[in-house]
1. Hey, what number do you get for the chain at 222 nm if only DSSP H runs of n ≥ 4 count, each worth -39500 (n - 2.57), divided across all residues, to the nearest 500?
2. Once amide H atoms are built 1.01 Å from N in the peptide plane, which residues 5 or more positions from D327, or in another chain, come under 5 Å H to H?
3. Output ³J(HN,Hα) for segment 238-255: one whole-Hz value per residue in order, computed from phi by the Karplus curve 6.51 cos²θ - 1.76 cosθ + 1.60 with θ = phi - 60°, and x for Gly and Pro.
4. Let me have the relative contact order for segment 266-420, percent, based on Cα pairs under 8 Å that are six or more residues apart.
5. How large is ³J(HN,Hα) for each residue in segment 191-200, as worked out from phi by the Karplus curve 6.51 cos²θ - 1.76 cosθ + 1.60 (θ = phi - 60°), to whole Hz, x for Gly and Pro?
6. What order do you get for V324, V82, V143 when you list them from fewest to most C-beta neighbours inside 10 Å?
7. Using only the alpha-carbon atoms, how far is helix 19-42 inclined from the longest principal axis of the chain? Give it as 0 to 90 degrees, nearest 10.
8. Would you please give the FRET efficiency between A392 and H183, computed as 1/(1 + (r/R0)^6) with r the Cβ-Cβ distance and R0 = 25 Å, to the nearest 0.05?
Amino acid sequence: MTEILGEPRRGEAASTVPVDDSRRLLWSLGAAQLGLSIAFGAVPSVLLALQVERAVGDDDKAVVLAIITTIGALAGMITQPVVGALSDRTRNRRGRRAPWMLRGVLLALPLLALMGLTESMVVLGVLFALTEAAFAMAQGPLVAVLPDRVPFRARGRFSAVTGLGIMIGTITGQGVAAVFSDHLTVAYVVVGVIPLALMLLLVRLSPDGDTTSALPQPLALREVLAGYWLSPREHPDFAWAFLSRLLTYTGFFMVYGYTLYILDDFVGLGDDAVDKVPLVLLVAGVGICASTVPAGMLSDRLGRRKIFVLISSAGIGVAFMVPVLVDDMTGIFVMFAIAGVAFGFYTAVDQALITEVLPRAASYGQDIGIVNMASALPQVLAPALAGGVVVAADYGALFPAGAVLTILGGLAILPIRSVR
């Protein structure tokens with residue numbers, strides 16, 4: 001087991017993953033991402049949404065949900081770069097990333113259980129913020145495993161599998177949440193146990209190298225604060241990739257994150273909406289599964305990433321306009337089918353593209369924490385923008401708004417020069 005998976009590009013450290021272990025890392029990394037995404041899919045868009053609706057009623061639910069999810073997303077966004085910087089400097093026999101990934105999922109489990117027990121919206125907001133911070137503690141180092149251990153030529157398929165984990169996990173989480181919708185505390189515990197189990201599987205099956213012998217790197221507070229900013233002038237490709245992800249995720253989750261309320265109020269299903277959530281998300285899941293891995297493998301073969309982002313943004317934009325023309329369940333099914341295939345193209349190359357524009361080889365964890373803010377900020381922006389659109393117009397206006405932002409996200413990828 002001495003052969004290394006792929007050859008490094010100029011300036012890139014060789015992968016630490018022998019060929020015999022690459023598949024083990026590939027699938028265990030995807031499983032760990034799936035576990036986290038089950039929680040991400042279940043909590044904000046279904047469990048939290050139901051909890052808010054039952055506590056405050058239909059009139060105020062969109063605004064209250066937007067406030068709580070905004071606070072939670074801010075907590076996660078602030079946490080990731082700090083934990084990323086700490087993991088870059090961690091010296092542990094389990095490696096740099098594993099200790100933080102395990103701490104994150106271990107902390108999240110009791111916080112989720114407490115969320116299911118509270119009836120206070122203030123307490124719920126605080127607990128959700130702490131939970132988001134705990135999951136961010138796991139998510140940032142998990143993503144850093146890709147540039148740490150996988151060479152450029154293999155990152156398309158790794159990105160595809162982790163992207164598949166994200167989308168299948170999100171859909172599965174929403175389905176699990178819908179099944180347990182009458183037993184919120186049980187649902188919260190279930191979606192907390194799953195990421196813990198799958199993270200333990202990753203650490204067990206594909207452990208990172210021992211870093212106890214590496215030279216210590218002290219971390220000053222000034223360095224942590226400075227790490228939240230990377231100059232767009234000095235790192236334009238990184239800035240464009242950040243903006244592209246920010247716009248794409250914001251546009252997509254303006255619609256996707258409001259699935260329950262769209263079925264309830266826009267389609268008019270009322271109390272039957274929660275039972276339809278798993279079905280429509282299954283349609284999206286089939287599309288994602290059909291496109292993600294083939295797109296990732298093709299991206300590696302062609303050595304191109306940008307064309308896949310452009311195809312994705314155009315496809316999502318078209319999909320989101322379907323319910324404007326067909327405002328019933330048929331339109332919703334068609335939308336999710338097209339958007340699933342299109343977003344599969346995006347998830348196939350997103351992580352790979354991001355890792356190819358990281359500016360500082362010694363600070364992958366911190367830099368990924370920064371760029372992951374482009375995934376966390378939409379959790380702030382999307383509910384806030386969606387809530388504003390619903391209050392100012394109606395649920396139907398979410399679709400063109402999401403389409404415009406997603407298409408702009410695709411176009412923002414064009415100025416990047418270091419990635420084809």
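Derivation of every value follows stated rules applied to the coordinates shown; laboratory data play no part. Worth saying up front: this structure is predicted, and the values here are computed from it rather than measured. Neighbour counts run over all protein chains shown; Cβ positions are idealised from the backbone, glycine included.
1. Working: 15 runs with 303 residues, N = 420.
That comes out to -25000 deg cm²/dmol.
2. The answer is none.
3. Once rounded to whole Hz, the list reads 4, 5, 5, 5, 4, 5, 4, 5, 4, 5, 5, 5, 4, x, 5, 7, 4, 8.
4. Details: 171 pairs, mean separation 54.0, N = 155.
The value is 35 percent.
5. My calculation for segment 191-200 gives 6, x, 6, 4, x, 5, 5, 6, 5, 4 Hz in order.
6. By the 10 Å Cβ count, ascending, the order reads V324, V82, V143.
7. Roughly 30 degrees, rounded to the nearest 10.
8. On the way: r = 36 Å, r/R0 = 1.44.
Efficiency computed from Cβ-Cβ geometry: 0.10.
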